[in-house]
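One structure below.
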Amino acid sequence: MAIVDVTVIPVGTQTPSVSSYVADIQKVLKQYEDKGEIRFQLTPMNTIIEGDLPKLFEVIQAMHEVPFEKGLARVCTNIRIDDRRDKVRRMEDKVERVKGMLEE
């Protein structure tokens, strides 16, 4: 299972706000989550998704397409992948591990 940090950047929007694009992307992610294919977490600066890497690439492409579907002509998407194959761990596990170390 991989964890992916994704930031979709709509270029050429009418206003500085991109929250409507973010909301539409979250709706796409919810559809994948409802089918049990991924888990995701919205943060103030990006979205974290976890699942099998081939499925995550499909999801990233679907996320990338959202601003185009809303009429934009340019979109930049940043992706960072954490693909650890010796363990199965969830995004919460990584955070809890560090928190545990801080309490020692």
Within the range 1-45, restricting to residues that are more than 19 Å from K94 (Cα to Cα) and of a type in the set (K, R), the one that is least open to solvent (accessible area, probe 1.4 Å) is K30
Residue pairs qualifying under the 6 Å Cβ cut-off, at least six apart or on distinct chains, with the first in the range 75-86 being closer than 15 Å to L53 by Cα and the second being modelled with pLDDT of 95 or more and of a type in the set (D, E, K, R), are R80/D5
Test: R89 is open to solvent by 50 Å² or more (accessible area, probe 1.4 Å) and within 16 Å of I3 (Cα to Cα) = no
By residue number, the members of the range 46-57 that are surrounded by 10 or more Cβ atoms within 10 Å (Cβ to Cβ) and assigned to a helix (DSSP H, G or I) are L53, K55, L56, F57
Pairs returned, first residue in the range 91-104 that is in contact (Cβ under 8 Å) with a residue 24 or more places away in the chain and assigned to a helix (DSSP H, G or I), second residue that is open to solvent by 80 Å² or more (accessible area, probe 1.4 Å) and not hydroxyl-bearing (S, T, Y), beta-carbon separation under 8 angstrom, 6 or more apart or interchain, are M91/Q41
Residue pairs within 9 Å by beta carbon, gap of at least six or interchain, first lying in the range 55-72 and of a type in the set (V, I, T), second in a helix (DSSP H, G or I) and surrounded by 14 or more Cβ atoms within 10 Å (Cβ to Cβ), listed first then second, are V59/V28; V59/L29; V59/Y32; V66/Y21; V66/D24; V66/I25; V66/V28
Counting only residues in the range 63-83 that are under 11 Å from the mean Cα position of the chain (by Cα) and aliphatic (A, V, I, L, M), the one least open to solvent (accessible area, probe 1.4 Å) is identified as M63
All conditions in (1) within 12 Å of the chain's Cα centre (by Cα); (2) modelled with pLDDT under 95; (3) acidic (D, E) are true of E50 except (2)
Here the qualifying pairs (Cβ atoms under 7 Å; residues six or more apart or on different chains; first in the range 11-37 and free of Cβ contacts under 8 Å to residues at least 12 places away in the same chain; second open to solvent by 40 Å² or more (accessible area, probe 1.4 Å) and among the hydrophobic types (A, V, I, L, M, F, W, C)) come out as E33/F40
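The values are calculated or read from the model by the stated rules, or taken from the named source; none is laboratory data. Everything quoted here is computed from the prediction, not taken from an experiment. Note that each Cβ is placed from the backbone with ideal geometry, even for glycine, and that neighbours are counted across all protein chains shown. With ligands, DNA and RNA removed, areas are computed over all heavy atoms of the protein, side chains included. Shrake-Rupley method; radii C 1.70, N 1.55, O 1.52, S 1.80 Å.
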